[in-house]
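Report on the structure given below.
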Amino acid sequence: MPPKQQPSKKAEAKRKEKVIEDKTFGMKNKKGNKNQKFVAQIENQVRNNNTRMDIVRQQEAAKKKEKDELLDITSLLKPVEQKVAKDVDPKSLLCVFFKQGLCGKGAKCKFSHDLAVAQKTAKRNLYADSREVDKDETNENWDQDKLAEVVNKKNKGGHMIDIVCKYFLEAVENNKYGWFWECPNGGDKCQYRHCLPEGYVLKKERKAMEQQKEDEISIEELVEKERAALNSKDLTKLTLQSFIAWKKKKLREKREKEEAELKAKREKIKSGKHNGMSGRDLFLFDANLINNDDDEAGDIEMEIEEADENEKVFEIDANFFKFDGMDDELTNEMNNSSTAVQSTAGVYVSFNENQHLMSSRAVSLLSKCGTKLQQIRGKAHFTFQPSAALPAGLENVEKTKMNLMQSVNEAMRIAMETDDSAVLFGEDVAFGGVFRCSLDLQQKFGKDRVFNTPLCEQGIAGFGIGVAAAGATAIAEIQFGDYIFPAYDQLVNEAAKFRYRSGNQFDCGKLTVRTTWGAVGHGALYHSQSPEAHFTHTPGLKLVVPRGPIQAKGLLLSCIRDPNPCIFFEPKILYRLAAEDVPVGDYTIPLGQAETVRSGKDLTIVAWGTQVHVALEAAQLAKEKLNADVEVIDLQTIQPWDEDHVVESVEKTGRLIVTHEAPISSGFGAEIASTVQKRCFLNLESPIERVAGFDTPFPHVHEPFYIPTVHRVFDAIKKSVNY
């Protein structure tokens with residue numbers, strides 16, 4: 001708790017008066033010596049905390065005595081002024097305060113601070129006529145009126161004129177003027193003045209000033225003089241052209257230095273000596289820096305381990321090292337590399353048939369293939385599959401090529417054109433954002449409708465709730481989905497419950513929160529998460545994850561126009577990787593409806609976002625190797641999810657696999673599996689499988705092992721079909 005405020009002096013005095021009045025029973029104004037003595041005693045007790053009157057008087061007397069002694073000391077130590085006659089030059093006298101170390105005027109002091117002056121005779125003042133000075137007075141209280149009075153008195157009517165005596169000037173110029181000098185023109189009776197006017201400069205001083213002026217040099221001349229002193233034949237006079245040439249040279253040197261640093265960084269990454277990345281480097285990282293580095297990396301020496309006779313082993317399948325998204329050249333190189341390992345070292349990887357986990361010898365082998373894993377880092381773990389069919393009613397509409405970033409930008413542009421109350425805000429959205437999704441929107445709609453916010457996700461969400469509650473359409477951007485958790489309280493406890501707690505009197509349904517989602521190839525633990533399951537436990541929110549540009553545009557427009565608060569997750573790896581022929585103009589895709597992107601009769605795979613493309617590749621692989629006809633469903637809306645659509649598919653196929661990038665425990669796949677198990681129990685031919693991320697923080701170097709790849713999904717298909 002904060003400390004209690006002390007009462008004022010006035011309040012304290014009133015309190016004491018009230019205590020005195022109570023203790024004296026109102027006798028303060030009654031007559032009688034006895035009564036007044038009693039009142040005085042009570043007042044002393046209250047005001048002096050029961051101190052006796054004689055002690056109080058002693059204390060007051062001691063304070064008065066101390067004060068008088070201090071005044072006496074002050075009067076004794078009062079500084080004395082140094083006086084000087086008017087006809088004496090003050091600079092010829094030593095400052096007495098300086099001599100005692102008490103002068104604080106410094107150069108402003110009119111007396112000399114040269115100790116050698118004390119041994120010399122005081123000089124006459126050249127600017128005062130000694131005949132006009134009263135010896136009994138000093139120049140401290142001198143003024144022009146008194147000077148005129150003395151001159152008139154001594155010269156009997158003021159016969160002295162203002163012209164300076166030539167003999168006086170001659171004596172001063174020749175250093176002959178002093179205390180014993182006498183004017184040849186009648187001595188003290190000379191009618192001309194024996195003092196210099198203010199501002200007069202002697203000839204000897206004028207020569208010294210002219211000589212000093214001749215010695216002065218301008219800064220331009222000094223520069224040229226110093227340049228000439230270099231004795232160089234290649235001196236160039238400083239001009240605008242020479243300065244521009246010098247500036248271009250410096251810029252070229254800076255550019256060459258940056259290229260050299262980039263080359264050095266590339267070499268460090270190739271050799272595995274790079275210690276880390278800054279936040280800017282993380283999102284400017286070019287995966288090509290680590291490509292084609294086998295020639296320089298050198299050979300890796302492999303130790304041949306003795307195999308246990310009782311251990312069952314399998315040869316390494318070349319496809320084990322194949323990660324989707326790699327180009328053919330890299331795939332062939334990986335296959336050749338794995339073959340070389342088998343043929344030269346004869347090393348095999350063992351598997352436990354019951355748990356399907358790699359043994360320690362397999363982990364050891366994979367750890368020695370770090371160079372190959374570095375090549376895989378930064379590559380997409382899937383191949384983007386463009387939509388085979390357009391949303392209903394858009395088959396004959398004009399189309400244009402767009403990536404996901406452009407389709408999101410186009411959706412927000414249409415929303416702001418059709419709704420004058422729509423505003424877009426977030427971190428760095430004014431110039432386009434780090435992913436450029438809001439590019440040029442501020443130039444089109446102005447700073448009042450597209451503007452930056454402070455780096456505060458909780459504040460962004462709270463501001464968006466207020467804007468939506470006031471009736472406007474709020475499009476809030478959280479730069480990375482990993483940092484949406486500071487806004488979790490605002491979204492879960494405020495936005496989701498706003499309509500319910502007000503009895504449908506108020507709502508913030510016009511709020512749409514856009515944020516990035518999923519793995520990007522090099523984002524590590526703070527820029528790769530999939531947080532959708534954290535919000536599916538909250539009624540009142542709608543969650544959407546598109547798989548490509550066509551869906552992103554239609555679903556985002558639906559979210560913006562939906563009467564409920566929505567969170568729109570955008571797979572950031574698809575921003576520029578995914579490109580499709582997107583319908584031109586305004587269209588929407590209904591929320592809460594799943595889409596079958598591949599038909600089948602043997603097994604159903606449910607996915608969303610980038611995992612839809614992984615599922616499509618796995619389905620094709622199953623068709624080729626297992627002759628299994630797999631159906632793939634894009635859920636699109638996570639909450640509310642299209643339960644009937646999935647159940648209808650599972651009733652047809654009898655098998656279900658749910659795959660997502662988020663960790664498997666409490667992932668949204670568990671909710672789907674539980675619902676399908678309940679409704680399709682009698683139709684299931686095998687247990688429901690889940691292929692998801694592991695229950696660890698999202699790794700950086702080991703990202704290829706963490707994400708649910710095509711081969712992990714294919715293994716689940718194989719297991720389910722052969723059950």
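Residue count for segment 678-714 under the criterion of being surrounded by fewer than 16 Cβ atoms within 10 Å (Cβ to Cβ) and hydrophobic (A, V, I, L, M, F, W, C): the result is 5. Quick check on my filter: what residues within segment 64-94 are within 60 Å of the chain's Cα centre (by Cα) and modelled with pLDDT of 75 or more? The answer is Lys67, Leu70. Evaluate segment 617-630: report whether one residue or more is under 20 Å from Lys718 (Cβ atoms), of a type in the set (Val, Ile, Thr) and open to solvent by less than 10 Å² (accessible area, probe 1.4 Å). The answer is yes, given that some residue of segment 617-630 is under 20 Å from Lys718 (Cβ atoms), of a type in the set (Val, Ile, Thr) and open to solvent by less than 10 Å² (accessible area, probe 1.4 Å).
Residue by residue, here is whether (1) among the hydroxyl-bearing types (Ser, Thr, Tyr); (2) touching a Phe, Trp or Tyr at 6+ places or on another chain (Cβ under 7 Å); (3) buried (at least 17 other Cβ atoms within 10 Å of the Cβ) holds:
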residue	(1), (2), (3)
Gly481	no, yes, yes
Pro486	no, no, no
Arg501	no, no, no
Phe506	no, yes, no
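Applying the selection to segment 388-444, what residues are modelled with pLDDT of 90 or more, assigned to a loop (DSSP other than H, G, I, E, B), open to solvent by 20 Å² or more (accessible area, probe 1.4 Å) and of a type in the set (D, E, K, R)? Correct list: Glu398, Asp419, Asp420, Asp428, Arg436, Asp440.
Residues in segment 480-520 that are part of a loop (DSSP other than H, G, I, E, B) and over 25 Å from the mean Cα position of the chain (by Cα): Ala496, Lys497, Ser502, Gly503, Asn504, Gln505, Phe506, Asp507, Cys508, Gly509, Lys510.
Please tell me if Glu226 is at pLDDT 75 or above and either touching a helix residue (DSSP H, G or I) at 6+ places or on another chain (Cβ under 7 Å) or farther than 30 Å from Lys166 by Cα (or both). Criteria not met by Glu226.
Scanning segment 674-693 for residues that are small (Gly, Ala, Ser) and not in a helix (DSSP H, G or I) yields Ser686, Ala692, Gly693.
Within segment 202-223, restricting attention to residues that are modelled with pLDDT under 75 and in a loop (DSSP other than H, G, I, E, B), the residue that is most open to solvent (accessible area, probe 1.4 Å) is Glu216. If you go through segment 685-711 and keep only what is polar (S, T, N, Q) and within 39 Å of the chain's Cα centre (by Cα), you end up with Thr696, Thr709. The number of residues in segment 521-542 being touching a residue at least 60 places away in the same chain (Cβ under 8 Å), outside any helix (DSSP H, G or I) and surrounded by fewer than 24 Cβ atoms within 10 Å (Cβ to Cβ) comes to 8.
The values are calculated or read from the model by the stated rules, or taken from the named source; none is laboratory data. This structure is a prediction, so every number in the text was calculated from the model and none was measured. Here Cβ is always computed from backbone atoms with ideal geometry, including for glycine, and neighbour counts include all displayed protein chains. Only protein heavy atoms, including side chains, enter the accessible area calculation; ligands, DNA and RNA are left aside. Shrake-Rupley method; radii C 1.70, N 1.55, O 1.52, S 1.80 Å.
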